Amino acid sequence: MPKVTVLMPVFNGETYLRGAIESILGQTFSDYEFLIVDDGSTDKSLEIIASYEDPRIRLHANGSNRGTVHALNTGLELAKGEYIARMDCDDISLPHRLEQQVRFMDAHPHIGVCGSGMRHIKGDKLRNFRYQPTSDQELKITLLFNTCFFHPTVIMKKTVLNGALYPDNLIYTQDYNLWTHLAVKTDFANLRQSLLYFREHPAQISHRKAVLQKSNARLIRKLYLQSIVDDFNDEELEIHHQIAETRTGLDLEKTKKWLEHLVDINRQKRVFSPEVFLKEMSRKWWHCCKKNTQYGKETLDIYRSSYLHLHYRPEKLKYLKFYSRSLVRHRNKKSD
């Protein structure tokens, strides 16, 4: 039995497929099977996959296009590995990815799901480095607003899934939905370093299906929020969604009130560590205010009016930019 199953669904992925396949075949860790589920491709994807004679590649071809969720669930059912590592057909895994993630998982048997940081590729250029929080508590708090993993960076224990599959009723957010279900079953972690290059291009689901993706994320977010807050009204839920979607034009007074309310509720119920939860809500408060400097000095004043600003310290340069932007926009408002 292989230690790892690398699971990669493919549908008409010929443009970037070779790069994705070769990034897995070039891994420094070798005890894996590379399970590729082709979901009825009509381009040259199957031909490209067949051109590789590496015995670690195991191809399963669906007769027709059944969708990403079906392809992923087929892969979960066919996987033989102790761990299942996700991969997408337009991304690139760095050579030490599997080695580092397997070493971490073996050393931390209580962890059921582990992701990593990543960098974006747009065209031929590497762009910004992105990472998620790293500790179990931080990640499960993050789920109150959005997914806590970059999906194609994830490795997970097959036993933790225990037959669980990606839900097929909330497509394009199936990973977010799965993490909210697994959150009560196992511990989470992220490695801080970048182990994957994530490719941005117009054909991505996040571009093509953005409206449905956002709608389904809102449904998942509401359900998970109910694990903390027993009762909330429609206005409060809308504020929560807007915070999660990092909106400009936020009503910062209502945002402050809601985040402080969440802190109070968690302090009473102790679903999460009160200290960690306070820090994460304070981090969220900072990002909301940083995104809404259009109010000028009012943004600065309201940011400082909440005790939350005392519990998260942004990088000095970022704070100076926030401060100067707020003042510049304040002067511009006065001169209009």
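The values are calculated or read from the model by the stated rules, or taken from the named source; none is laboratory data. These numbers come from a predicted model, not from an experiment. A quick note on method: Cβ atoms are made from the backbone with ideal geometry, for glycine too, and the neighbour counts reach across all protein chains shown.
Summary table
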read-out: Matching residues in segment 113-151 - criterion: being modelled with pLDDT of 90 or more, more than 17 Å from residue 278 (Cα to Cα) and aromatic (Phe, Trp, Tyr); value: 149, 150
read-out: Failed item in (1) in contact (Cβ under 8 Å) with a residue 60 or more places away in the chain; (2) of a type in the set (S, T, N, Q); (3) within 30 Å of residue 5 (Cα to Cα), with residue 162 passing the rest; value: (1)
read-out: Residues being part of a strand (DSSP E or B) and either touching an Asp or Glu at 6+ places or on another chain (Cβ under 9 Å) or β-branched (Val, Ile, Thr) (or both) - total across segment 27-53; value: 3
read-out: Candidate set: segment 280-298, residues that are in contact with a Phe, Trp or Tyr (Cβ under 6 Å, 6 or more places away or on another chain) and basic (Lys, Arg); chosen: the one farthest from residue 250 (Cα to Cα); value: 283
read-out: Filtered residues of segment 150-191 (kept if hydrophobic (A, V, I, L, M, F, W, C), assigned to a loop (DSSP other than H, G, I, E, B) and buried (at least 21 other Cβ atoms within 10 Å of the Cβ)); value: 150, 154
read-out: Of residues in segment 54-89 being among the charged types (D, E, K, R), in a loop (DSSP other than H, G, I, E, B) and modelled with pLDDT of 95 or more, the one surrounded by the fewest Cβ atoms within 10 Å (Cβ to Cβ); value: 54
read-out: Among the residues listed as 57, 24, the single one being out of contact with any Asp or Glu (no Cβ under 7 Å at 6 or more places or on another chain), in contact (Cβ under 8 Å) with a residue 40 or more places away in the chain and not small (Gly, Ala, Ser); value: 24
read-out: Among the residues listed as 267, 208, 221, 283, the single one being modelled with pLDDT under 95 and either surrounded by 14 or more Cβ atoms within 10 Å (Cβ to Cβ) or farther than 20 Å from residue 318 by Cα (or both); value: 208
read-out: Complete set of residues in segment 101-141 that are part of a helix (DSSP H, G or I) and either touching a helix residue (DSSP H, G or I) at 6+ places or on another chain (Cβ under 7 Å) or surrounded by fewer than 19 Cβ atoms within 10 Å (Cβ to Cβ) (or both); value: 103, 104, 106, 107, 137, 138, 141
read-out: Scope segment 255-270; condition among the hydrophobic types (A, V, I, L, M, F, W, C) and touching a helix residue (DSSP H, G or I) at 6+ places or on another chain (Cβ under 8 Å); matching residues; value: 258, 259, 262, 263
read-out: Test for residue 193: is it polar (S, T, N, Q), in the same structural domain as residue 90 (by TED's automatic domain parsing) and touching a strand residue (DSSP E or B) at 6+ places or on another chain (Cβ under 7 Å); value: yes
read-out: Candidate set from segment 238-261 (those that are in a helix (DSSP H, G or I) and out of contact with any Phe, Trp or Tyr (no Cβ under 8 Å at 6 or more places or on another chain)); member that is surrounded by the most Cβ atoms within 10 Å (Cβ to Cβ); value: 258
read-out: Positions within segment 210-237 being within 16 Å of residue 183 (Cβ to Cβ) and part of a helix (DSSP H, G or I), in sequence order; value: 217, 220, 221, 222, 223, 224, 225
read-out: Unmet requirement for residue 137, which otherwise passes all of (1) within 29 Å of residue 312 (Cβ to Cβ); (2) within 14 Å of the chain's Cα centre (by Cα); value: (2)
read-out: Segment 262-309 - residue that is in contact (Cβ under 8 Å) with a residue 60 or more places away in the chain and not in a helix (DSSP H, G or I) and, of those, farthest from residue 146 (Cα to Cα); value: 273
